[in-house]
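Single-structure report; data block below.
Coordinate-derived values only; no laboratory data. Being a predicted model, the structure only gives us computed values, none of them experimental. We place every Cβ from the backbone using ideal geometry, glycine too, and count neighbours over all the protein chains shown.
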Amino acid sequence: MAFHDDLRRVRAIAWKDLTTERRSKAGFNSVVALGVTILVLFGFALGPDAQALRDAAAGALWLAVLFAGVLAFNRSYQVELESGALDQLLQYPGPRWVIYVGKLIANSLFVGLMLVIVVAVGIALFQVRIPSAWPALIAVFALGAVGLVVLGTFYAAMASRSRAREVLLPLLLFPMLVPVLLAAISASKALLGGDLMHEAGAWVKLLAAYDLIFMVATLWAFEYVIEV
Amino acid sequence: MEASNWMYVISAYVITWVILLGYLAYTHTALRRSRAEYDRVTGRAPGEGDAV
Amino acid sequence: MTTVAPTLEAPRAGRWTAFGVVSIALLVATQAFAFVSSPPDENMGQLEKILYVHVPAAWVMFVCFAIVLVYSLLFLWKGREEDDLVAAAAAEAGAVFNGLTLILGMIWGKPAWGVWWVWDARLTSTLVLFLVFVGYLALRAFVEDPQRRGQWSAAVGILGALNVPIVWMSVTWWRTLHQMPSSMQSMAKIYWLGMFANFGAMLLVMAYFIRRRYEAAAVARAAEHAAQAAALGGLD
Amino acid sequence: MSKRNWAILVAVILVATFGWLLYGGLNKNVVFFLTPKELVAKGANGYDVPVRLGGMVVPGSVQWNEKTLDLRFRVTDDSDTVAVHSTGAPPQMFQPGMGVVVEGKYERAGVFQATNLMVKHSNEYHPPRPGEKPEEMYKTLMKGGAS
């Protein structure tokens with residue numbers, strides 16, 4: 001029964017965050033706009049050669065999602081910090097991981113929607129040919145997004161409440177994301193190129209394993225991070 | 001050929017010691033500063049406390 | 001927010017100084033021993049001598065991050081501030097040895113492989129580990145409250161340590177330019193001996209570093225407490 | 001769930017996942033370089049795309065032209081062999097029988113044009129056997145042209 005109550009709290013927190021976002025669409029719109037802008041900048045940097053663009057598409061897409069996502073993670077705590085609602089949230093009974101899972105769900109939807117738009121634009125801008133193994137590609141993007149959201153939500157819980165919010169989140173988050181991002185980029189790249197080397201499977205295994213490792217570890221550690 | 005090989009070997013050892021001794025010096029400076037601060041705050045005369 | 005003043009025991013004068021002098025002297029001795037005793041490798045020539053600084057530095061780095069993991073867990077479990085300070089000292093020493101490993105690897109890579117740097121899994125993951133612990137140290141610098149600093153950096157340290165298996169296993173998981181770990185069979189006894197002697201000596205140097213950094217942090221914390229007590233018109 | 005059981009569960013999952021990765025998760029499927037066999041097996045897809053090729057220098061195949069700085073040799077994995085052309089002096093550990101990794105493109109003519117040549121050292125460290133002098137092979141290679 002207690003677990004059922006926890007789930008109810010998770011839903012309440014996720015709903016609260018999503019409602020806040022829905023009421024002020026400006027946040028979401030500007031994050032998506034930033035993601036697309038980064039894609040355009042990559043397009044300039046990589047030059048007009050269509051093949052070069054196609055080869056770099058996987059990396060550019062993931063980096064655009066990463067940079068735009070970082071803004072979303074800090075935002076997800078900012079509302080509560082400004083209104084002092086976090087202290088209230090901590091007063092409620094129930095375990096702390098409930099807050100984390102609620103925020104994870106809200107951020108997943110936020111980043112997931114942003115990712116869909118940015119990837120759709122990226123596919124058009126970078127002239128990507130959709131491979132026949134597109135379901136696998138979608139799975140890779142989903143797994144990569146999970147890793148990104150898990151670590152982003154966790155580190156933002158600290159960074160957004162520290163003095164150097166803007167620099168601290170990327171500094172903590174980006175190196176930790178390397179296993180996830182590298183696996184996601186390499187798997188997407190392999191799949192977009194037809195997976196001639198049969199390496200996508202290994203990258204997906206690594207990606208799934210690190211998703212699980214980081215998810216479990218952050219679920220456990222969140223309590224120590226949010227309480228102080 | 002051999003001379004340039006020795007260059008790499010020697011620079012490796014030199015850098016090892018520069019970093020190790022540099023960090024050693026830093027640890028001692030930092031410790032001395034902490035002790036001085038502690039002595040100042042507790043009102044003890046410098047050097048009266050624990051020896052470094 | 002209840003924080004306990006670190007109960008720093010007064011070390012007997014000279015005890016740790018003697019330890020430091022001995023460990024540094026031992027490292028000089030083991031390096032001289034390895035340098036003189038080892039014949040040039042049949043392929044590497046004299047370059048084999050970099051083995052005795054590069055590999056021990058890498059192993060000591062792993063030991064440092066293991067200490068960070070253990071003491072971070074201890075701190076979250078028991079809440080003793082000393083454990084947090086030990087973890088921080090080990091993370092700093094780990095970053096130093098991590099940087100040393102990278103630099104020595106580059107110095108070795110240029111003559112041995114022909115390049116300073118390649119983006120293979122071993123090199124890249126070692127660099128990433130360095131950046132993770134730079135982030136750890138930055139976090140500590142940005143957070144003043146000791147309780148918050150302790151719990152946050154413990155979480156960051158534990159998660160950071162989850163990257164260590166990638167570095168360790170990278171040469172087995174991936175086909176890299178960096179060679180597989182050597183074994184007793186693939187390496188002449190005299191090289192093996194020199195490597196382990198240097199590892200042992202460097203381990204003592206590491207212990208001395210961590211002790212001194214811990215001591216400095218503990219004394220600084222004790223000074224903060226004394227200052228607070230004095231400001232409150234306390235017992236001092 | 002008590003705090004302790006929760007921590008134990010987390011530890012078990014982490015250890016199990018790492019164990020899975022260590023044993024059987026990844027089998028060197030992810031590569032820094034291709035072997036000649038893999039490059040040849042790619043067929044037409046292997047031509048004119050930037051790749052890294054790794055293998056052993058075939059003894060007796062090395063041709064070094066000191067004047068034009070042309071280096072030609074063959075790389076093998078005991079299954080297939082690929083001819084490589086590179087310019088500039090090779091790293092000093094380059095020698096027949098040594099492992100190498102070259103970056104470049106495999107051209108349709110059947111020659112791998114290398115833009116970068118790296119030596120892949122094995123994990124073996126031994127003093128030279130009696131009568132051998134280290135680096136002698138390199139010197140003979142560099143001075144004597146073909147070896």
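See the values below:
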item	result
CD proxy at 222 nm, helix term only [per DSSP H run n ≥ 4: -39500 (n - 2.57); per residue of chain C; nearest 500]	-26500 deg cm²/dmol
Alpha-carbon centroid distance for the pair the stretch C:152-170 / the stretch A:136-187, whole angstrom	15 Å
Ranking of C:Ser125, B:Ser4 by count of other Cβ atoms within 10 Å, fewest first	B:Ser4, C:Ser125
Links that overshoot a 24 Å alpha carbon limit, given the list D:Lys37/D:Lys120; A:Lys189/D:Lys37; D:Lys37/D:Lys105; A:Lys189/D:Lys42	none
Sorted by Cβ density within 10 Å, fewest first, the residues A:Leu206, D:Leu14	D:Leu14, A:Leu206
Tensor-based shape of the protein assembly as shown (alpha-carbon gyration tensor, a/c under 1.5 rounded, otherwise prolate or oblate)	oblate
Helical segments meeting 18 Å axial Cα length and Kyte-Doolittle 0.0 threshold in chain C (DSSP H)	C:15-37, C:51-78, C:81-113, C:121-142, C:189-231
Rounded to 5, the percent of DSSP beta bridges in the protein assembly as shown classed as antiparallel	75 percent
Charge dipole of the protein assembly as shown about the Cα centre (unit charges at C-beta), most positive-ward option of D:Gly88, A:Leu53, A:Leu104	A:Leu104
With 10 Å bins from 0: P(r) over the stretch C:1-142, alpha-carbon pairs, percent	10, 29, 31, 20, 8, 2, 0
Taking the C-alpha atoms of the stretch A:1-114, convex hull volume expressed per residue in Å³	106 Å³
Cβ neighbours within 10 Å from other chains - mean over D:47-54	2
Calculated [θ] (222 nm, deg cm²/dmol) that DSSP helices of n ≥ 4 give over chain A, each run adding -39,500 (n - 2.57)	-30000 deg cm²/dmol
Residue order, fewest to most surrounding Cβ atoms within 10 angstrom, among C:Arg213, B:Arg32	B:Arg32, C:Arg213
